[in-house]
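Read the figures in this text as sums done on the coordinates, not as results from a lab. These numbers were taken from a predicted model, which means no experiment stands behind them. Glycine also receives a Cβ, built like all others from the backbone with ideal geometry; neighbour counts cover every protein chain displayed.
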Amino acid sequence: MTGYAAFGRFFIVTLAGLGVDLATSWLVLHLFAPPLALAAAIGFLAGAGFNYLLHEIWTFGGGAGRLSGRRFGKYLAVLGIVLVGRLAAVAALSRLALLAEYPMAILVLASGVSMLLNFALSRGLVFTAPRVPKEME
């Protein structure tokens with residue numbers, strides 16, 4: 001699958017996952033009123049679980065169409081890095097006077113940062129094509 005096709009599928013899945021992520025963040029924020037970073041982390045984890053299943057089943061194809069404990073472990077490691085990126089973006093954006101009164105805008109922008117980071121790491125480290133030995137090419 002080409003990089004463009006993979007990114008197209010990734011984008012579709014990520015948009016659906018973003019809906020799960022932001023809806024969960026908003027619900028947690030309004031029901032429990034935790035700090036914004038905690039609501040962002042909870043939403044992130046809900047969306048990430050949703051995304052992982054769809055990425056395994058559909059997004060990356062080429063042998064990654066079944067569940068794999070090894071890929072899941074790699075995906076969890078990538079999520080740790082992506083979550084740190086998301087929370088750093090939330091912290092940085094929260095300091096901007098222009099956005100301080102708009103927590104959902106902060107969450108959406110930080111989600112964009114984490115989406116790009118997630119695609120790069122998922123494509124490069126988690127959902128990689130199996131290596132074919134040179135003598136089999």
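A compact table of results
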item	result
Within the range 1-48, tally of residues that are under 20 Å from Gly80 (Cα atoms) and basic (Lys, Arg)	0
Some residue of the range 39-49 being among the β-branched types (Val, Ile, Thr) and either part of a helix (DSSP H, G or I) or touching an Asp or Glu at 6+ places or on another chain (Cβ under 7 Å) (or both)	yes
Among (1) without any contact (Cβ under 8 Å) to a residue 60 or more places away in the chain; (2) part of a helix (DSSP H, G or I); (3) out of contact with any Gly (no Cβ under 7 Å at 6 or more places or on another chain), the one test that Val113 misses	(3)
